[in-house]
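The values are calculated or read from the model by the stated rules, or taken from the named source; none is laboratory data. The shown structure was predicted, so the numbers you read here are calculated from the model rather than taken from an experiment. Reconstructed Cβ throughout: ideal geometry from the backbone, glycine too, with neighbour counts over all protein chains shown.
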Amino acid sequence: MNFQTLDWIILVVYLVATVYVGIRARRYVENLEGYFVAGRRVKVALGSATLIATEIGIVTFMYLGELGYVTGFACFVLGIIGFIGYAVIGKTGFIVSGLRALNVITIPEFYELRFSRGVRVLGGILLFLGGVLNMGVFLKMDGLFLTSMMGFDPSVLALVMTLMLVIVIAYTVLGGMYSVVITDFIQFVVLSIGMLVATLAVLSHVGFGEIADAVQTHLGSAGVDPVAHPRFGWTFLVWMLIGSVALSALNQPAASKSFASENPEVGRKVFLYTGITLAGRYMIPMFWGVAALAVFGPGVETTLAMPRLLSMVVPSGFLGLMVAGMLAASMSTYSAYMLAWSSVGTRDIVSPLRKIALTDRQTITMTRVITTTIGVFILVFGLWYELPSTVFQYTAITGAMYAAGAFGCVVAGLYWRKANTAGAYAALALGGTAPVVFLVLSLSTPDLPESLRFLLDVNISGFLSFLLAALGMVIGSLLTQRSHPPIVITPLTGSDHE
């Protein structure tokens, strides 16, 4: 076992302190806004820290480390693209300022304001399903990381996954967004220290020259050129560039941090300051993965190469701090994601379909029930599902399942006066089609006709999702202006001009 007594002490003390602080935060929950968006009191520094903590968990380290191991330095371009996405939003307030000005709690609430209740329900269903599927592999990746780092036998994977889930649910269902924000700040600090320790340990074991030589030997020019690498190419890069803006602004767990800010200007700055650190936060675990290629060569299980390297090079004591930092990151991600998707399930699916509106108490209770149900689902799904591609590509395609249609609806709804209900329905339906087709067809690859095999290219499916959503919104709206007159709203973004 890799863990020593000091490592266990550090880890246990951290977990106990985090759960205690998270549960104590329930005292600040006064109403629905308190539970879902922390009373809209979050300032720039705290908002930036909590968004950074939310956007990088163990699963993020795992899929970025896997990308580094299989693609070399070529994957570093994703850090640059991610930075561009956040910078565009943070500099201009694109999307997030308009939604924050409307005081919405979830993205589908905007659909009802601008289009119709039916669009809200459909958008809520797609957002909920896509979001829950997106995090369906999180728990398994986290369990693999922890068992590898701590030296446990793989047979205890299910136990580790269950314990992680119970800890996060304990404070998320009680304290809501207050618990998420407060614990995220603690986890941001611990995570930063853990990343620094791990990077120094890796560099003490393998030099830059050895890493560069390994990339050249095993991957050649594809190890530094994302266009030349078979996993990437121009289709992938264009999809990622569009998706980085869409997912950054319309990923409910991230958007909820903007919704929780004091005002639209604070929400914009949260994205700007988060984006400044994004390239580094992506490239560091990618670098660990490239270093694993230099140490082990190409024969190791791709998802386990990076954690195997860290467990070997990080010394005892620091290993406990490292695992605490990674677990901190994962807990941040789970708490924010589970609260976000459960709030969508309650507010945008269950509540609109009821004849009698839910009271505040019923809404919070229903959200807690859905949060727990999501936890059970990702536990079972994570143990059963076999990925059709890398973890990164799976999370990207399930993200596109809801982000493509949402991007078409929200951008057109905020900035194009002719956007209407028919266009919104078309955008949501068509945007989710390509990702769903990809996920379904990937389960029956051997029986698929040759003419349809292009749909198994995750990059093509991802790009098509955004293209089809845009076409659905534009064509659907233009063809139905008379039958479905647009509903014009006037948030603080000047959305009532063409």
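Number of residues in segment 222-231 that are in contact with a His (Cβ under 8 Å, 6 or more places away or on another chain) and of a type outside the set (Gly, Ala, Ser): the value is 0.
Among the conditions (1) under 14 Å from Ser343 (Cβ atoms); (2) out of contact with any helix residue (DSSP H, G or I) (no Cβ under 7 Å at 6 or more places or on another chain); (3) not in a helix (DSSP H, G or I), the only one that Glu386 does not satisfy is (1).
Can you tell me which residue is surrounded by the most Cβ atoms within 10 Å (Cβ to Cβ) among those in segment 242-288 that are part of a helix (DSSP H, G or I) and among the charged types (D, E, K, R)?
In this case the residue turns out to be Lys257.
Quick check, is Val206 at pLDDT 85 or above and loosely packed, with under 14 Cβ neighbours inside 10 Å?
no
Every residue in segment 113-122 that is out of contact with any Gly (no Cβ under 8 Å at 6 or more places or on another chain) and either buried (at least 24 other Cβ atoms within 10 Å of the Cβ) or of a type in the set (Val, Ile, Thr) (or both), please.
Narrowing segment 113-122 to residues out of contact with any Gly (no Cβ under 8 Å at 6 or more places or on another chain): 113, 116-122.
Correct list: Val119, Arg120, Val121.
Scanning segment 193-241 for residues that are among the aromatic types (Phe, Trp, Tyr) and either closer than 23 Å to Tyr402 by Cα or in a loop (DSSP other than H, G, I, E, B) (or both) yields Phe232, Trp234, Phe236, Trp239.
The residue of segment 429-458 that is surrounded by the fewest Cβ atoms within 10 Å (Cβ to Cβ), among those that are modelled with pLDDT of 90 or more and small (Gly, Ala, Ser), is Ala429. From the list Leu122, Leu219, the lone residue that is in contact with a His (Cβ under 9 Å, 6 or more places away or on another chain) and at pLDDT 90 or above is Leu219. With respect to Glu301, is the statement that it is of a type in the set (Asp, Glu), surrounded by fewer than 24 Cβ atoms within 10 Å (Cβ to Cβ) and in a helix (DSSP H, G or I) true? Spelling it out, it is not the case that Glu301 is of a type in the set (Asp, Glu), surrounded by fewer than 24 Cβ atoms within 10 Å (Cβ to Cβ) and in a helix (DSSP H, G or I). Of the candidates Gly375, Gly382, the single residue that is at pLDDT 80 or above, within 15 Å of Met135 (Cα to Cα) and not basic (Lys, Arg) is Gly375. Scanning segment 309-330 turns up no residue that is at pLDDT 80 or above, under 20 Å from the mean Cα position of the chain (by Cα) and either buried (at least 18 other Cβ atoms within 10 Å of the Cβ) or under 23 Å from Met150 (Cβ atoms) (or both). If only one of Ile125, Ile95, Ile84, Ile80 is surrounded by 24 or more Cβ atoms within 10 Å (Cβ to Cβ) and in contact (Cβ under 8 Å) with a residue 40 or more places away in the chain, which one is it? After applying the criteria, what remains is Ile95. Just one of the numbered conditions (1) within 21 Å of Tyr63 (Cα to Cα); (2) out of contact with any helix residue (DSSP H, G or I) (no Cβ under 7 Å at 6 or more places or on another chain); (3) assigned to a helix (DSSP H, G or I) is not true of Arg361: (1). Just one of the listed residues (Ser389, Ser351) is hydroxyl-bearing (Ser, Thr, Tyr), modelled with pLDDT of 80 or more and farther than 25 Å from Val16 by Cα, namely Ser351. Figure legend. Inter-residue proximity from segment 56-75: first residues on the phi > 0 side of the Ramachandran plot, second residues surrounded by fewer than 24 Cβ atoms within 10 Å (Cβ to Cβ), beta-carbon distance below 6 Å, spacing 6+ or different chains. Indicated pairs: Gly72/Val215; Gly72/Leu219; Gly72/Gly223. Here Tyr415 does not qualify as aromatic (Phe, Trp, Tyr), under 17 Å from Leu464 (Cα atoms) and in contact (Cβ under 8 Å) with a residue 12 or more places away in the chain.
Before we move on, is Ser461 modelled with pLDDT under 90, surrounded by fewer than 17 Cβ atoms within 10 Å (Cβ to Cβ), within 22 Å of Asn134 (Cα to Cα) and not hydrophobic (A, V, I, L, M, F, W, C)?
Here the answer is no, as Ser461 does not meet what is asked.
Restricted to segment 128-158, and to residues there that are charged (D, E, K, R) and farther than 18 Å from Thr371 by Cβ, the residue that is surrounded by the fewest Cβ atoms within 10 Å (Cβ to Cβ) is Asp153.
Within segment 399-424, the residues that satisfy the criterion of being part of a helix (DSSP H, G or I) and surrounded by fewer than 24 Cβ atoms within 10 Å (Cβ to Cβ) are Gly399, Val411, Leu414, Tyr415, Thr421, Ala422. Which one is farthest from the chain's Cα centre (by Cα), of the residues in segment 396-418 that are more than 17 Å from Phe128 (Cα to Cα) and of a type outside the set (D, E, K, R)? Filtering first and then ranking leaves Trp416.
The requirement of being of a type in the set (Phe, Trp, Tyr) and farther than 22 Å from Ser116 by Cβ is satisfied by Phe438.
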